[in-house]
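Worksheet: one structure, shown below.
The values are calculated or read from the model by the stated rules, or taken from the named source; none is laboratory data. The structure displayed is predicted, hence computed values, not measured ones. As a convention, Cβ positions derive from the backbone with ideal geometry for all residues, glycine included, and neighbour counts pool all protein chains shown.
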Amino acid sequence: MLKSASPPAESVPPPAPQRGTLLVCDDEDGPRLSLRVVFKDDYNVLLASEGREAIELAQKNKIDVAVLDIRMGGMSGIEVLERLKFIDPHIEVVMMTAFETADTMRQALRLRACDYINKPFDLGSMRTAVANAMHRRSLAGEIQNSSEQLNQLLIELQNQKVEEQISRTRSDIYASIIHDINSPLAVISGYIQLMNERIGAANQLELADLQYIKENLKTITRQVTNCIGISRRYLGFLRRQTDATSVIGVNQLLNDLGELIRVHPSVQSNQFACQPLTQDVTVGINSTDLIQILLNLCTNAFQATPQPHHVTVSGQVLDAPLAPAQIQDGPSDRWLNVEGFDNHVPLLALSVQDTGPGIPLEILPKIFESYFTTKSARHGTGLGLSIVQRLVKSGRGLLHCHTEPGVGTTFTIYLPTLPKQ
């Protein structure tokens, strides 16, 4: 059985093109009314007999083109032109007058009138002028619409870049975990090797050996705690959490740093000194973060050159804030986190100074970029200073690098201190 054919779908007529709106302002009835008759079939025509009325119509309606008489009672056509452009800079304006002067022409062109018609006007010339003005207005609207679409596309691309950056940041964090944990693991490995060398072949242990093992196990336990703290810190970052700040005296942290450095593989034949503060303070930064900052800076200082050199860690408490003129980048200086720095006294300034070859001045602006390194792939990941920068920012601190080729480099961290308990 044949099915009946479905009725053909009705064709939907395309939407009628939107009519433009034409504003005519003239204090003479004849020209004003004649223009309405001429253009009423082509555009929505609004009439105004004086300037204020024209401005009110423009405030209430979207005007595409305005035809203005220059000489009118009250506001002149030039004044109306200026006000209309203030309301909507895209309104196209055709000026007309029976008293054409070079000055009025210059004024009209300066205010971006698109055409100029003499009275009594020729209908053909007027039609052409208004049609051209409407076309210009239409093109301007299309350009504006395209610009808005382009801006939206740029926003979407930026959002995509942000998502990619978040993904890249997560990868950096995983690499940072491996990098940061490597230092305490190296210390643990060093202490175990020392214990093996001392007691590995012994048949029995003396009291001194037991005491030695006990002291080394304390250090190893502390490094295991550092590994746990590092992993928790980065996991907290991934989960958008903030670990509670552990309040420990800076001198205790410097003492811990000295023990870490003493058996660190990077020391080799270099000399190291860690000077305690004459006035102990606590700082508003996670203690594990501060240890990691100093350890990374010391490791970089040791690896600055294969030639034996000195690395010194020292600090002082500042009773005056840093002056803005002091915090300025220069050929030998680089400042990081100036905008996020909590410059309230008292401040702690911790410096890691080396007597190495210094940083080449052309490389100095790049040293805090992720994965940037001048070392071989086996000796550097390019993450150390990037991690330092991240941790200093999280502690609302300031990082200063000063280098002198052939003399050495000093990294100084400025941190806000906590009130005394």
- Message: Quick check on my filter: what residues within region 44-85 are under 22 Å from Leu139 (Cβ atoms) and not in a strand (DSSP E or B)?
- Response: Ala58, Asn61, Lys62, Ile63, Asp64, Leu81, Leu84, Lys85
- Query: Can you tell me which residues in region 15-42 are touching a strand residue (DSSP E or B) at 6+ places or on another chain (Cβ under 6 Å) and buried (at least 17 other Cβ atoms within 10 Å of the Cβ)?
  - Reply: Thr21, Leu22, Leu23, Val24, Cys25, Asp26, Arg32, Leu35, Phe39
- Considering only region 193-216, state which residues are of a type in the set (Asp, Glu) and more than 22 Å from Pro265 (Cα to Cα). Glu206, Asp209
- Task: Note down all Cβ pairs under 9 Å where the first residue falls in region 281-295 and is outside the structural domain of Thr412 (by TED's automatic domain parsing), the second is at pLDDT below 85 and assigned to a helix (DSSP H, G or I), and they're at least six residues apart or on different chains.
- Result: none
- For region 204-233, what are the residues that are part of a loop (DSSP other than H, G, I, E, B) and at pLDDT 85 or above? none
- Message: Show me the strands (runs of 3 or more DSSP E) found entirely inside region 234-338 where at least 3 residues are surrounded by fewer than 17 Cβ atoms within 10 Å (Cβ to Cβ) and modelled with pLDDT of 90 or more.
- Response: 310-318
- Subset of region 16-43 that is under 48 Å from the mean Cα position of the chain (by Cα) and assigned to a strand (DSSP E or B) - its residue that is farthest from Ala66 (Cα to Cα): Thr21
- Message: For the structure I just gave you, tell me whether Ser189 is modelled with pLDDT of 70 or more and touching a helix residue (DSSP H, G or I) at 6+ places or on another chain (Cβ under 9 Å).
- Response: no
- Condition check for Thr374: within 22 Å of Gly406 (Cβ to Cβ) and either at pLDDT 90 or above or buried (at least 18 other Cβ atoms within 10 Å of the Cβ) (or both): no
